[in-house]
1. Using only C-alpha positions, report the orientation-averaged shadow area of the convex hull of the range 418-555, nm², one decimal.
2. Among residues other than THR220 whose Cβ falls under 11 Å from its Cβ, what is the net charge (Lys/Arg +1, Asp/Glu -1)?
3. Assign one of three labels to the range 104-209, namely rounded, prolate or oblate, based on the Cα gyration tensor with a ≥ b ≥ c the square roots of its eigenvalues; rounded applies when a/c is under 1.5, prolate when it is not and a/b is larger than b/c, and oblate otherwise.
4. Highest mean first, how do 244-257, 525-538 rank when packing is the count of other Cβ atoms within 10 Å averaged over residues?
5. Based on alpha-carbon atoms only, what is the radius of gyration of the range 211-266 relative to the globular estimate 2.2 N^0.38 Å?
6. Within 10 Å, count the other beta carbons around each residue, average over each peptide in 84-95, 462-473, 446-457, 66-77, and list them highest first.
7. Given contacts defined as C-alpha pairs under 8 Å and at least six residues apart, what's the relative contact order of the range 418-555, whole-number percent?
8. If we count every other residue with Cβ under 10 angstrom of ALA200's Cβ, Lys/Arg +1 and Asp/Glu -1, where does the sum land?
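We did not get these values from a lab; they are worked out from the coordinates using the rules stated. Values in this document were obtained by computation on a predicted structure and should not be read as measured data. Every residue, glycine as well, gets a Cβ built from its backbone with ideal geometry; the counts of neighbours run over all protein chains shown.
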Amino acid sequence: MGGGIAPRPDAFSRRGHALLEDIERAGRKPRTILLSIISILLGVGLLTWFGLTWSNHTRALNAAIAEARLLSRVVDEHFQWTIKGSDLVLRQAVEMVAEDGLDPQFSTEAKRLRLIGMARLLPQIGSLWFFDDKGRVVYSTSQGRRPPAEFADRDFFQAHQSGEEFYITPANRSRLTDAVYFSVSRRLERGGRFAGVVLAAIDMRYFAQFHGGLHVPSTTALELFRTDGRLVVRWPINDDMVGRDFLYTPFFHEQLSGGREEAAVEAPAIVDGTPSVIAYRRMNGLPLVTLATIDRDAALQNWRENAGIGLLFVLGSGLLVGGLTLFGLRAIDREDQAKDNLAARTVELEEALASRTLLFKEMHHRTKNNLQIVSSLLSLQAGQYGDPILRQGFTDTVNRIRAMAQLHEQLYQGGEFATVDCGAFLRSIGESLTGEGAARGRVGLELDLGTISLPMDRAVPLALIANELLTNALKHGFAEGRSGTIRISLQGTASQLTLVIADDGLGMSDGENPAEKAKSLGMRLIRGLAAQLKGKVSFASAGPDLGTTATVTLPL
């Protein structure tokens with residue numbers, strides 16, 4: 001136990017000897033003298049134990065609150081990217097239906113395989129479903145039992161039929177596979193009219209892997225609720241939680257109804273009402289709340305053990321002090337040992353707090369290393385193909401993965417997990433793309449980067465947009481060995497961020513606008529990610545051989 005200052009043993013000795021002399025001068029018996037000394041020292045020891053125990057109790061709760069806050073930020077970022085990553089797949093489906101209609105998407109085996117590939121693009125997507133405007137299943141990548149014929153009575157379908165663009169269902173148990181899942185879905189339109197729904201079912205077992213990867217105790221729950229009180233994701237989870245409405249629980253009523261964006265409090269757990277430490281964050285742009293719930297009893301378990309040990313120590317010391325009034329040296333040795341134990345306990349607690357910070361640095365470091373391994377494997381795979389178009393596709397994918405890896409590298413090197421220095425990762429991406437391959441030595445790089453920091457959920461889309469724009473400039477502006485310069489500018493105001501990527505390459509012909517006409521995956525990613533950030537992308541060129549300027553504006 002640490003956090004307080006123990007009374008010095010020489011002070012006990014002085015008080016005891018002074019009292020002994022006063023009582024002996026008064027003619028009292030030795031028994032009374034011994035009992036008086038033991039009573040005084042025992043009282044002082046109990047007061048010391050109480051002070052240290054209270055201090056450690058407060059420290060243990062504060063440590064649990066800090067851990068819950070940190071977990072809630074990690075969970076918020078993970079859930080956001082799980083949902084937004086799935087939404088990117090849905091947006092592709094929406095675009096395909098808007099262009100070609102619903103039925104043609106399943107007319108050939110190649111198109112069906114493309115849809116299956118979309119469903120497998122992200123690990124969290126268990127299956128992809130397409131429904132027509134009557135709620136009938138048109139196509140599904142699920143391999144479970146035969147689904148119902150119609151879904152027109154489901155809440156997600158009725159919401160989209162009424163005009164809702166995007167919808168997140170609460171947790172449900174699938175009647176086809178018996179797995180617990182939730183889903184994200186988007187409205188399909190054709191010619192401005194409702195054409196059906198595309199839905200991605202997300203298996204809860206994906207979040208079990210995430211929970212296990214954080215190495216948190218089983219008593220710590222990671223949760224995602226809709227703001228209407230319906231449970232979307234929780235791990236650990238059981239059947240009693242699926243389908244329940246938690247809107248009128250004390251936590252929703254007393255905490256979430258106040259409108260605060262984030263907080264960490266001691267409160268009964270939403271699901272079972274056990275005393276807990278809960279940190280919550282409202283998800284930006286979505287009607288969702290992420291929570292990290294730490295069982296209060298589990299958080300105080302070590303404190304209880306230490307407090308019990310400390311109490312036994314104080315009581316034992318009190319008994320020993322009765323003899324130590326006759327044998328003073330033994331008392332001094334005992335008190336010195338007690339101070340050493342308290343100092344060691346303080347060091348252990350400080351090391352435990354520091355280890356939590358190292359945990360998250362290590363998590364980002366491993367994520368960066370894993371992305372680099374994937375990038376290297378894709379590069380090796382690309383070398384086995386003779387088709388230059390296929391190799392270029394692999395190269396573009398490697399560059400996208402590398403851009404995300406560079407973001408995680410910025411996080412663990414800087415030690416700040418909440419925001420990313422945009423100038424630093426834009427410099428890294430630019431130097432990486434212009435300093436390798438055919439562009440090395442013939443394409444220069446000019447930088448004008450302001451100091452702007454963004455949260456991880458906005459920095460990743462911006463990095464991918466910058467990567468795609470730089471790749472397009474190198475691929476199309478400086479084709480056939482042409483040399484020149486790429487200029488990257490990043491500036492910001494209180495309300496807006498502006499990224500400009502300009503080159504003096506081939507430029508565009510009159511009236512050409514790649515943002516409207518290009519159908520490549522890279523340009524779709526640029527449009528989709530910019531829309532996700534509520535921003536705009538524009539292209540300008542004075543004409544052929546006069547270069548191209550891409551401007552990205554995002555609200556802050």
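1. Directional mean of the projected Cα hull area for the range 418-555 stands at 8.0 nm².
2. Neighbour charge sum, excluding THR220 itself: -3.
3. Taking the square roots of the gyration eigenvalues as a ≥ b ≥ c, the range 104-209 is oblate.
4. Ranked from most to least packed, the peptides come out as 525-538, 244-257.
5. 1.23
6. Numbers: 84-95: 19.1, 462-473: 24.7, 446-457: 15.5, 66-77: 21.0.
Averaged packing, sorted descending, gives the order 462-473, 66-77, 84-95, 446-457.
7. Relative contact order for the range 418-555 comes out at 24 percent.
8. The answer is 0.
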